[in-house]
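The values are calculated or read from the model by the stated rules, or taken from the named source; none is laboratory data. Note that the structure is a prediction, hence the values are computed from the model and not measured. Note: ideal-geometry Cβ built from the backbone for every residue, glycine included; neighbour counts use all protein chains shown. Just so you know, the surface numbers come from the protein's heavy atoms only, side chains and all, with ligands and any DNA or RNA stripped out. Shrake-Rupley method; radii C 1.70, N 1.55, O 1.52, S 1.80 Å.
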Amino acid sequence: MEVERVQAVASALMTAETIPTDFIRPEKERPAITTYQGPAPDIPTIDLSLPDRDSVVRAIAKASEEWGIFQVVNHGIPAELISRLQVAGKHFFDLPAEEKEAYAKPPGSQSVEGYGTRVSKDVNGKRTWNDHLFHKVWPPSTINYRFWPTNPPNYREVNEEYTKHMREVVDKLFLCLSLGLDLEESAMREAVGGEELQYNLKINYYPPCPRPDLALGVAAHTDLSTLTILVPNDVPGLQVLKDGRWIDAKYIPNALIVHIGDQIEILSNGLYKAVHHRSTVNKERARMSWPVFLEPPEERVVGPLPQLLSPESPPKYKAKKFKDYMYCKLNKLPQ
């Protein structure tokens, strides 16, 4: 079965006044109706370069408890490298359709890797307005270069350099998250796999949409990862559910957006919160984002850390293999 790419749908609708009905969200999800228009607080922004480590730890812990999301600046990834990453990703999505299809996720594959479009409709029978490219970038033993574009020619070099820098940021974040709960520095990172932690890069491509008031690029969800670290382009679209209201994330050039995922919420026994978020689309311009999902190895059992449990704080979550958690989440089964 040939998959209809959203980019192709969008190209065919450039002068249209409407969009296909399977992209039109129910009223309770439409961004034009549900986006909060009043004064809203900004997602916390944290300077990772501050010499006072304790203040950075406290800021990250507070943001993780109250928001489940924060932006980091002065994180050590060069701005020009982020720019090259974005240029390489945009280059891929600007290629002719047949060239992109060479990297398509194989039919029937259980893996997420490859160029793709979410074809399974959600519980409302609706589709989301995006295409994507997904591939693992770390550790080396997990990488399948079949899904890494060779056009542009520098794609591999840029992504490998970005991953090298990203790993340093990740180590710092896990350290701060551990210290924020009065744990050993390595507690969180070791609990999710240590050196075997998997880095899955996704490029989201949200084409221009004639009716952005009716569609969503990604429907509301929490990430099943430990952390998700994302860099967007300058087209707004990320929204976060805070105190029952959908609020826009402010764009900060070269900042990294850090999502707390389900596995960190579980490890912390609910002290840190996985963030509910979604993505809107734009009428004139394509929105893009580059999330890296940090996931435990499939066989790794993740549960509340014993150090955080007591008779007064019993476990709120079941310990289970990550692959079983993932299966239940993706198939909308109870955990």
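Please identify the pairs in which a residue from the range 37-56 that is among the small types (Gly, Ala, Ser) has its Cβ atom under 7 Å from the Cβ atom of a residue that is part of a loop (DSSP other than H, G, I, E, B) and surrounded by 10 or more Cβ atoms within 10 Å (Cβ to Cβ), counting only partners at least 6 apart or on another chain.
Close Cβ pairs (under 7 Å, with a partner that is part of a loop (DSSP other than H, G, I, E, B) and surrounded by 10 or more Cβ atoms within 10 Å (Cβ to Cβ)) amount to Ser49/Asn74.
Residues are listed down the side, and each one gets a yes or a no for (1) in contact with a helix residue (DSSP H, G or I) (Cβ under 9 Å, 6 or more places away or on another chain); (2) more than 27 Å from Phe134 (Cβ to Cβ); (3) among the acidic types (Asp, Glu); (4) not in a loop (DSSP other than H, G, I, E, B):
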{"position": "Pro41", "(1), (2), (3), (4)": "no, yes, no, no"}
{"position": "Val87", "(1), (2), (3), (4)": "yes, no, no, yes"}
{"position": "Lys90", "(1), (2), (3), (4)": "no, no, no, yes"}
{"position": "Leu95", "(1), (2), (3), (4)": "no, no, no, no"}
{"position": "Glu98", "(1), (2), (3), (4)": "no, no, yes, yes"}
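Examine the range 195-214 for a residue that is over 18 Å from Ser279 (Cα atoms) and basic (Lys, Arg), and state whether such a residue exists.
The answer is no; no qualifying residue exists.
Please specify each residue of the range 281-325 satisfying the condition of being open to solvent by 40 Å² or more (accessible area, probe 1.4 Å) and part of a helix (DSSP H, G or I).
Pro306, Gln307, Lys323, Asp324
Among the residues of the range 61-100, what is the count of those that are open to solvent by 40 Å² or more (accessible area, probe 1.4 Å) and among the hydroxyl-bearing types (Ser, Thr, Tyr)?
So the answer is 1.
Identify, by number, the condition in (1) farther than 30 Å from Glu98 by Cβ; (2) outside any loop (DSSP other than H, G, I, E, B) that Val158 doesn't meet.
(1)
Of the conditions (1) crowded, with 17+ Cβ neighbours inside 10 Å; (2) touching a Leu at 6+ places or on another chain (Cβ under 6 Å); (3) of a type in the set (D, E, K, R), Lys105 fails just one. Which one is it?
Failing condition for Lys105: (2).
Exactly one of these conditions fails for Leu230: (1) farther than 18 Å from Gln86 by Cα; (2) in a strand (DSSP E or B); (3) under 14 Å from the mean Cα position of the chain (by Cα). Give me its number.
(1)
How many residues, within the range 183-239, are surrounded by 18 or more Cβ atoms within 10 Å (Cβ to Cβ), among the hydroxyl-bearing types (Ser, Thr, Tyr) and more than 25 Å from Val9 (Cα to Cα)?
Total satisfying the criteria: 5.
Results for (1) polar (S, T, N, Q); (2) part of a loop (DSSP other than H, G, I, E, B), shown as yes or no for each residue.
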site: Ser109; (1), (2): yes, yes
site: Gly116; (1), (2): no, no
site: Arg127; (1), (2): no, yes
site: Phe134; (1), (2): no, no
site: Pro149; (1), (2): no, yes
site: Pro153; (1), (2): no, yes
